[in-house]
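The values are calculated or read from the model by the stated rules, or taken from the named source; none is laboratory data. Keep in mind the model is a prediction, meaning the values are calculated, not measured. Counting neighbours? That spans all protein chains shown, and the Cβs are built from the backbone with ideal geometry, glycine included. Remember, those area values only see protein heavy atoms, side chains included, never the ligands or the DNA or RNA. Shrake-Rupley method; radii C 1.70, N 1.55, O 1.52, S 1.80 Å.
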Amino acid sequence: MSQPGPQPLAALLRWYEAMGVDEIHGDVPVDFTSLPASAKRAKPAASPVAAAPAPDAPPAVASLARNDAPLGTADASKSAIAVASAAPTLEALKQALADFEGCSLKATATNLVFSDGHPQAPIMVIGEAPGVDEDRQGLPFVGVSGRLLDRMLAAIGLDRHAEDPAKAAYITNILPWRPPGNRQPNAGEIAVCLPFMHRHIALKRPKLLILAGGVSAKTLLDTSQGITRLRGRWVDLTVPGLDAPVPAMPLYHPAYLLRQPAQKRQAWRDLLAVQERLETP
Ligand code: URA
């Protein structure tokens with residue numbers, strides 16, 4: 001049989017890229033779908049949350065969390081609510097996500113991306129989903145847009161690595177696994193991960209939330225309005241498990257600001273509003 005010429009090969013590469021294949025792991029193809037589940041588990045990643053073992057969940061919840069069969073969205077959402085609400089600490093929630101089999105993104109991701117920063121920081125930043133750098137390192141916002149986010153936080157005196165919680169930030173994403181090829185997460189994936197996000201906020205108990213970008217703002221505010229309308233206005237976010245609503249500020253996503261630097265002026269204004277509220281007792 002003759003070898004394909006350069007044009008079909010280029011077309012094949014473009015197809016791979018469109019399907020989200022953007023990394024080569026080895027010269028010999030491996031059928032990951034035929035490996036036992038234990039061989040496919042995500043590698044543990046560095047995390048600011050101490051890697052304490054999760055307390056035992058009630059048996060019914062534990063069996064849902066460890067069910068290796070793929071679940072439909074409705075079943076997966078029910079399972080996510082049960083598993084997430086049973087987590088008593090951030091460490092337990094991270095472990096519950098690591099054990100959760102209800103979101104197909106886990107199968108294509110390298111690492112679970114749970115959070116970075118100080119768990120006692122007053123500010124919790126919620127982005128969209130990990131990209132390739134975050135997936136590799138198991139930490140949120142560590143690529144180019146993460147560098148801009150760090151500069152934005154520094155402009156209001158915050159640093160995710162600060163030891164003093166008052167000067168620190170805590171950072172996470174709506175989705176804890178990278179969508180293949182950095183595609184937009186779909187509604188089903190977001191719905192399945194949302195109970196974990198709500199629980200994450202309830203356990204973290206931030207003073208203020210920054211919702212970075214349209215996916216984060218629309219998901220948590222449960223609205224179809226775009227970020228251009230939402231940004232710059234405080235919204236009181238009611239979160240299951242918290243007695244009082246949490247003030248949330250939707251902000252342009254750093255990746256958008258890198259593409260549209262003219263919008264940085266508005267983002268700066270929004271950041272100043274966050275700083276002012278942060279300093280208000
Ligand atoms: N974009 C996000 O929304 N989150 C990340 O962690 C990285 C890029």
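Here are some notes:
- Pairing residues of the range 119-145 that are closer than 19 Å to A168 by Cβ with residues that are more than 9 Å from the ligand (Cβ to nearest atom) and among the basic types (K, R), at Cβ distances under 6 Å and at least 6 apart in sequence or on separate chains, gives P122/K207; M124/K204.
- Residues that are in a helix (DSSP H, G or I) and over 20 Å from the mean Cα position of the chain (by Cα) within the range 247-270 comprise R259, P261, A262, Q263, K264, R265, Q266, A267, W268, R269, D270, listed in sequence order.
- Residue satisfying condition, being among the small types (G, A, S), outside any loop (DSSP other than H, G, I, E, B) and either modelled with pLDDT of 95 or more or farther than 24 Å from R147 by Cα (or both), within set A244, A273: A273
- Selection count, the range 192-228, where residues are assigned to a helix (DSSP H, G or I) and over 21 Å from P245 (Cα atoms): 2
- Qualifying residue in the range 164-174 (condition: without any contact (Cβ under 8 Å) to a residue 60 or more places away in the chain, over 17 Å from V113 (Cα atoms) and open to solvent by less than 10 Å² (accessible area, probe 1.4 Å)): yes
- Residue satisfying condition, being part of a loop (DSSP other than H, G, I, E, B), under 29 Å from R265 (Cα atoms) and at pLDDT 95 or above, within set L175, L112: L175
- Some residue of the range 231-240 being crowded, with 20+ Cβ neighbours inside 10 Å, part of a strand (DSSP E or B) and within 16 Å of the ligand (Cβ to nearest atom): no
- Of the candidates A121, A86, A80, the single residue that is away from the ligand (no atom under 16 Å from the Cβ), within 25 Å of M249 (Cα to Cα) and open to solvent by less than 50 Å² (accessible area, probe 1.4 Å) is A121.
- Number of the condition not met by G146 [criteria: (1) in a helix (DSSP H, G or I); (2) under 13 Å from the mean Cα position of the chain (by Cα); (3) closer than 26 Å to D99 by Cβ; (4) not hydroxyl-bearing (S, T, Y)]: (3)
- Test: P185 is farther than 13 Å from A121 by Cα and under 19 Å from the mean Cα position of the chain (by Cα): yes
- All of (1) over 22 Å from A187 (Cβ atoms); (2) among the hydroxyl-bearing types (S, T, Y); (3) more than 11 Å from the ligand (Cβ to nearest atom) hold for S145 with one exception: (3).
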